[in-house]
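Student: Please read through the structure below; I'll follow up with questions.
The values are calculated or read from the model by the stated rules, or taken from the named source; none is laboratory data. Treat the numbers as computed from the prediction; the structure is a model and nothing was measured. A quick note on method: Cβ atoms are made from the backbone with ideal geometry, for glycine too, and the neighbour counts reach across all protein chains shown.
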Ligand code: FES
Ligand SMILES: [Fe+2]
């Protein structure tokens, strides 16, 4: 084993050097640096644990911010509608015309019943299930049964109250604040990062949702940084990413993270090569311990000095000298394994064929493999995409929307589960390119997982399901740990 190299890295300079070496023209947006210097800061624990703070978020954030309510694939036809529930509020998003979408408070003006609790299609009216007050889908009042009992009622004044709607890239945003800025101003120059393959040319291929027992910001923040990869997804570092060094930039209401990947790590120890079997045998990059699935569903862990132990996929010791191992790697090799997705198969086929990988930098070769896979779907753009855009590029649009960069399909949304400070809803969508010459079928509904379900119960996520298991395993324990910190001595720390 070689000594770890102690190097102070300035990602900005190494990043810009990479852009100069790119094999394709780099979009100008990728050359922009953060106008402010990101850096660590201290915040108080109550932001994640206090109902009072949560209630302030409802008033100051959720009632006043542009937020993604749904995707246009959720309401393809006139009269299609989808409820959007957020922090105890509910809105009903309705396609009212071929190119018109409106959003109403999801409440009947009579006694306040929610107008719709589930999504629906091709409605010509919105009739309340309680006493049948009925509105046209454009929000105007159509009918009040026994209207003679409401002598003062002026139907033209009883339209459903609307909230503002904005659209970007087939995502439908709403903002309950009638005085809000236009969505375009709120987004700033975020769209300039998606010019080659804009979201207008994507469809919703998969949509999986799950309640997680943590504050919505605990979950959201776990998906806007790469620092956790080294501990939570060690297999990724040894599987091609090689480094967690990431460039973070903040521009107005959004942030951008770029982990270039396939760079030679300057911060990790170097280990002798392990015979490749990334799903059944991996090595932890920091301590070199090898995790290997056994035929009887357990995990054998072996240290570089030869100590061993046998564990369940949940990291509980069964036998042997070792008694304390990494739970993420036990689940990775020992938990349920999914078959490869179509994308993973295509990448594996390219990897098997690709003779360039030995002749050029792995980062460039990896980008080229992805271009080849994309070429069969969007041939007009595949060759133009810069190497840098095939890195791990992920954005956070305040407060809770996380589209990955360029061609990447992943989009996350995190939101509170009702008014519960300790629970949130995590959603993962795949926004795949609309094939230039073929048919495609958008996901017809959200696949809800139970709070204790494994992400591998959503095989449409492919290998990412296993990665989510690792991420999400941490989150309830972060929430519990934050509550455990609620001692005066912690609160009073500077
Ligand atoms: S509550 Fe809707 S009609 Fe009465
Ligand atoms: Fe992660």
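Student: Filter region 214-229 down to residues that are assigned to a helix (DSSP H, G or I), free of Cβ contacts under 8 Å to residues at least 60 places away in the same chain and either more than 24 Å from residue 51 (Cβ to Cβ) or near ligand 2 (Cβ under 10 Å from one of its atoms) (or both), then give me how many there are.
Tutor: The number of residues fulfilling the criteria is 1.
Student: Please identify the pairs in which a residue from region 457-471 that is closer than 13 Å to residue 335 by Cβ has its Cβ atom under 6 Å from the Cβ atom of a residue that is near ligand 2 (Cβ under 10 Å from one of its atoms) and part of a helix (DSSP H, G or I), counting only partners at least 6 apart or on another chain.
Tutor: That search, which allows pairs on different chains as well, returns 470/232; 470/328.
Student: It is to be established whether one or more residues within region 81-88 are more than 16 Å from ligand 1 (Cβ to nearest atom), over 29 Å from residue 410 (Cα atoms) and surrounded by 20 or more Cβ atoms within 10 Å (Cβ to Cβ).
Tutor: no
Student: Please list, ordered by first then second residue, the pairs with beta carbon atoms under 6 Å, 6 or more apart or interchain, first in region 103-114 and over 19 Å from residue 75 (Cα atoms) and in contact (Cβ under 8 Å) with a residue 24 or more places away in the chain, second in a strand (DSSP E or B) and within 16 Å of ligand 2 (Cβ to nearest atom).
Tutor: none
Student: Quick check, is residue 153 touching a helix residue (DSSP H, G or I) at 6+ places or on another chain (Cβ under 8 Å) and surrounded by fewer than 17 Cβ atoms within 10 Å (Cβ to Cβ)?
Tutor: Yes.
Student: Right, another one. So which residues in region 268-301 are assigned to a strand (DSSP E or B) and modelled with pLDDT of 90 or more, if there are any at all?
Tutor: 290, 291, 292, 293, 299, 300, 301
Student: Can you name the residue in region 459-494 that is surrounded by 12 or more Cβ atoms within 10 Å (Cβ to Cβ) and assigned to a loop (DSSP other than H, G, I, E, B) and, of all such residues, is modelled with the highest pLDDT?
Tutor: 462
Student: Looking at region 434-450, can you tell me whether even one residue there is surrounded by 15 or more Cβ atoms within 10 Å (Cβ to Cβ) and closer than 22 Å to residue 195 by Cβ?
Tutor: yes
Student: Can you say whether residue 65 is in contact (Cβ under 8 Å) with a residue 60 or more places away in the chain, within 16 Å of residue 162 (Cα to Cα) and in contact with a strand residue (DSSP E or B) (Cβ under 7 Å, 6 or more places away or on another chain), as far as the supplied structure shows?
Tutor: yes
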